[in-house]
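The values are calculated or read from the model by the stated rules, or taken from the named source; none is laboratory data. These numbers come from a predicted model, not from an experiment. Note: ideal-geometry Cβ built from the backbone for every residue, glycine included; neighbour counts use all protein chains shown. Heavy atoms of the whole protein, side chains included, go into the accessibility calculation; ligands, DNA and RNA do not. Shrake-Rupley method; radii C 1.70, N 1.55, O 1.52, S 1.80 Å.
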Amino acid sequence: MYWLSNCCFTAKDYIIPATKQPPAAAEHFATMEEKSLSSNPDLKSILPYLPLHLRSSSLFWPPQVVEALKALSQGPGQSNVNSGQLLSLAISDIRNSLNYSSRSISTSALEGYALFFDDLMPRDESARWFEVTLPKMAALLLNLPSLLESHYQEARNSSVFGNTCLRLLESQQPGIVLLSRELIAALLSCSFLSLFPAGNRGAKFLPTINFHHLFACLYENYATNQENKIKCIIHYFERVCSCMPLGNVSFERKVLPFDPKANGISYPNSDLWSKSAVTLCSFKVRSFGLIEDQSGEALEVDFANEYLGGGALHRGCVQEEIRFMINPELITGMLFLPAMADNEAIEIVGTERFSSYSGYASTFRFCGDYVDRKDADSIGRLKTRIIAVDALCHPGRKQYGSECLLREINKAFCGFSYQSKGQQYQEPFKDNDHLESEVDFGVKKLNERVINHSMPLAGFSSSSQVTEGAISNELTGCHETNNCQALPNQEKIGVATGNWGCGAFGGDPEVKAMIQWLAASQALRPFISYHTFGSEAMKVLDQVFHTY
């Protein structure tokens, strides 16, 4: 290891001797620890995707990795790592110590690290990075085994959400993982150095988690927006390494079971939607501003890929990828959340925004520090609620048919719903002659007033003809407090969204607006704050919804 040539210590210098105990006590302690960690099914589920080893009920790095991380934690004077080129060598050596294939990280990736830190980053900033930030990241990684052990111990003793242990949250398995922000910083440091095993992730439909793809893309086909994505990541590490944030972040897989006999609310069919008795919520059109700039608390919709994060760690640079760059703690969910099915959504609560930015796609630029002033809840989560829902990709004319409409409205409903309020959701899904087909009415109303397709929109009920006069009274009374009065204990948290599944995904923005309005209303949300992003085509929405 050339970059360690000046180090004057070895891994054995960092082995902490065990405290001597009487044989019986030591055996009892070992047995208890074995039961509490080695046999923990949650740890077993995620262990294949971690770079750590488990033995004698303890998590640990291999000795050579400890040696390398210790050197990095002491700064360039000990490690010799003071440039991107030497950092790439260090990453390659640590990966070799973890027995990863040399072909599993490309030459382009290693050259990408060198390009960014040696050529693109100002020299004084690069020097400070290697002298201050990288050593603290290495110290975090050295502490990763103990952080994880503490996490499992604390999660066992907590009953806030039931089981909140770090585990593989597989498809069709609803649940919550609650992680401290310090543990998240350690896991993301692991991602930055590309130390997570990657070979078995595809079999579980897990997205990329190592950052070397970001740097490979930078080297192979340089683009200014790719450089600025990395700047956001670098800024995150500079911030957390200068002052470690307190608190927690929760990651929840939300599922609408296909089985109608399941507990709570199951996947609603067309007939149930057509019989819904829920009053439409308030709809506020925002011609300017961004979803992430909410002054109050709302569900902020992530126009997601089925694989959480989409192209955030590759070349992607649209709505979801930008959000993951300015709120990098979101990336952690990519470690343990496989791809979403049609009846699933992901809710992430508590991430902090660290970066300001401008532009979109090719014009995206990092614009410096951002101070997130969101309050925290009782368990230390910032009141930032991000809902990842993936729309159909390139649905074409099928998006106007019942099957696609049902899939999209249930996807949005899953994301917008409170998973604990199944009984309250079941009640509005009932027969109501006066509101025979509110969903059908709504879609057809939009069809008549906004969209001029040769193929009419299909509704969710069997009724085939509706006059404009017949619906004029059914869509009135859409005031912000209506649903809250029906449910006195309902939280006053609405939905902040926009043209979900449009743009590159090819969705019709007017149809998607109506779908989200219906889904938010059925989820008993008090309002939708709909961001049109200055779209000329969507200006008509303000006129349409003000007539109701």
Q: Select from the stretch 81-119 the residues that are hydroxyl-bearing (Ser, Thr, Tyr) and over 22 Å from Gln226 (Cα atoms) and write down the one among them that is most open to solvent (accessible area, probe 1.4 Å).
A: Ser102
Q) From the list Phe366, Phe336, Phe303, Phe283, which one is open to solvent by less than 30 Å² (accessible area, probe 1.4 Å) and either modelled with pLDDT of 95 or more or under 27 Å from Ser189 (Cα atoms) (or both)? A) Phe336
Q: Output the qualifying pairs, or none if there are none: Cβ atoms under 8 angstrom, residues six or more apart or on different chains, first residue in the stretch 27-49 and farther than 21 Å from Val177 by Cα, second residue modelled with pLDDT of 80 or more.
A: Ala30/Ser57; Glu33/Ser57; Glu33/Ser58; Glu34/Ser57
Q: Could you please find all residues in the stretch 194-225 being open to solvent by less than 60 Å² (accessible area, probe 1.4 Å), of a type in the set (Phe, Trp, Tyr) and either over 19 Å from Pro338 (Cα atoms) or modelled with pLDDT under 95 (or both)?
A: Phe215
**Q.** Of all residues in the stretch 59-80 being closer than 30 Å to Asn40 by Cα and touching an Asp or Glu at 6+ places or on another chain (Cβ under 9 Å), the one that is most open to solvent (accessible area, probe 1.4 Å)
**A.** Gln64
Q: Please give the number of the condition His314 fails out of (1) over 25 Å from Ser191 (Cα atoms); (2) surrounded by fewer than 23 Cβ atoms within 10 Å (Cβ to Cβ).
A: (1)
Q) For the stretch 24-76, what are the residues that are modelled with pLDDT of 95 or more, among the small types (Gly, Ala, Ser) and outside any helix (DSSP H, G or I)? A) Gly75
Q. What are the residues in the stretch 127-170 that are small (Gly, Ala, Ser) and open to solvent by 70 Å² or more (accessible area, probe 1.4 Å), if any?
A. Ser159
Q | Conditions (1) closer than 30 Å to Asn210 by Cβ; (2) assigned to a helix (DSSP H, G or I): number failed by Cys367 | A | (2)
Q. What number goes with the only condition from (1) closer than 19 Å to Gly175 by Cβ; (2) open to solvent by less than 10 Å² (accessible area, probe 1.4 Å) that Ile331 does not pass?
A. (1)
Q) Residues in the stretch 210-234 that are within 24 Å of Val81 (Cα to Cα) and part of a loop (DSSP other than H, G, I, E, B): how many? A) 2
Q | Options Ser88, Ser83: the member that is touching an Asp or Glu at 6+ places or on another chain (Cβ under 6 Å), modelled with pLDDT of 95 or more, closer than 20 Å to Leu134 by Cα and among the polar types (S, T, N, Q) | A | Ser83
Q: May I ask you to verify whether Ser189 is closer than 23 Å to Ile348 by Cβ and in a helix (DSSP H, G or I)?
A: yes
**Q.** All positions within the stretch 339-348 that are more than 9 Å from the chain's Cα centre (by Cα) and surrounded by fewer than 24 Cβ atoms within 10 Å (Cβ to Cβ)
**A.** Ala339, Ala341, Asp342, Asn343
